[in-house]
């Protein structure tokens, strides 16, 4: 009976928009950890939107095993994350779990890439030289487990994607959030492509993709950035249409609203980035399809236009969410942190305990936020001057 209900629901959303990939946390709406049946239910719903997901850790919430088990024998692809925190505990725990999982699953079947960390340089927990060393360490781990064919990258915000990272990775996995730069939705896509093109210019021919971008559907304004369904859909339409035209790969942030995420955050948007609501089933945007690259879309400050587009595919075409203890000393993080919109990059440079990022860092006049998933960590935002608990 459960299977019949699942099929009925899928048929109702079968004309949804297709995303190259979605960032995904398998945690339940109440924040509890998932089992394999719950992940399979998520995949049944998400298969109408994408065939590729990105998770942030294999050890946090024991999510690696149920996600890989649910994908086993399917066409699903996974950007598999290794969490990196202020010390190496989380990374070492994820690494050990990855090695264990490599003996349980054929990771080459479903893992599209391994992504080392998420915004640890932005959070000033590691510097780029330390992260680059972890990429090389992970390269050795994969090779010793007959997985050297799996590409490696780092999830980091655009101002901190310097030459250390670009030299270490196989491709760049860059986080860009014009919302957290205080931009209007009308200028957001141009802003993103300026940042991506700057990184491409420094990447020596390596592929550059957007690892996270999105626009919240509810919450408070951040400068002139206004969260709403209409603005989120407009940014989605503008960004995806231009990305398709220019051949830019991406992972949209994010799959589901994270109702369990902290509400003590700037602009109160933390729980409102999903394409699906907090029940993990209900689409948040109106209509059967959400993208139309042949018509202009409007922001919520004007009349909203109806969007329609080509239905998605559920076959794998492109690019990217453990099994024992809960995250305490190995906690991965949260979802989105606001950027500084007036301070030059030098005020948010990575820690000075080791070599700071190289001078080939893409130019910036603003610093973006974090938007990745894992347990709770509190930090102080310099310019916004609010205490924010970020919870992934």
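Listed conditions (1) out of contact with any helix residue (DSSP H, G or I) (no Cβ under 6 Å at 6 or more places or on another chain); (2) under 21 Å from residue 213 (Cβ atoms); (3) at pLDDT below 80 are all met by residue 303, apart from (2). For segment 22-51, the tally of residues that are more than 19 Å from the chain's Cα centre (by Cα), in a helix (DSSP H, G or I) and under 18 Å from residue 258 (Cβ atoms) stands at 2. Residues in segment 274-283 include none that are surrounded by fewer than 21 Cβ atoms within 10 Å (Cβ to Cβ) and over 19 Å from residue 46 (Cβ atoms). Limited to segment 107-124, what total is found for residues that are part of a loop (DSSP other than H, G, I, E, B) and in contact with a strand residue (DSSP E or B) (Cβ under 8 Å, 6 or more places away or on another chain)? Adding up the residues that qualify gives 5.
Considering (1) over 15 Å from residue 169 (Cβ atoms); (2) touching a helix residue (DSSP H, G or I) at 6+ places or on another chain (Cβ under 6 Å), the lone condition that residue 150 does not fulfil carries the number (1). In this structure, does residue 89 turn out to be more than 25 Å from residue 149 (Cα to Cα) and either over 20 Å from the mean Cα position of the chain (by Cα) or at pLDDT 95 or above (or both)? Yes. Among the residues of segment 61-72, is there at least one that is outside any helix (DSSP H, G or I) and farther than 29 Å from residue 121 by Cα? Scanning segment 61-72, I find at least one residue that is outside any helix (DSSP H, G or I) and farther than 29 Å from residue 121 by Cα, so the answer is yes.
Residues in segment 153-164 that are touching a helix residue (DSSP H, G or I) at 6+ places or on another chain (Cβ under 7 Å) and either at pLDDT below 95 or under 16 Å from residue 83 (Cα atoms) (or both): 154, 156.
Being within 25 Å of residue 129 (Cβ to Cβ) and in contact with a strand residue (DSSP E or B) (Cβ under 6 Å, 6 or more places away or on another chain) holds for only one residue in 250, 161, and it is 161.
Residue 104 fulfils the conditions (1) in a helix (DSSP H, G or I); (2) farther than 30 Å from residue 290 by Cβ except for a single criterion, (1).
The values are calculated or read from the model by the stated rules, or taken from the named source; none is laboratory data. Keep in mind that this is a model prediction, so the values were computed, not measured. Virtual Cβ from ideal backbone geometry, glycine too; neighbours counted across all protein chains shown.
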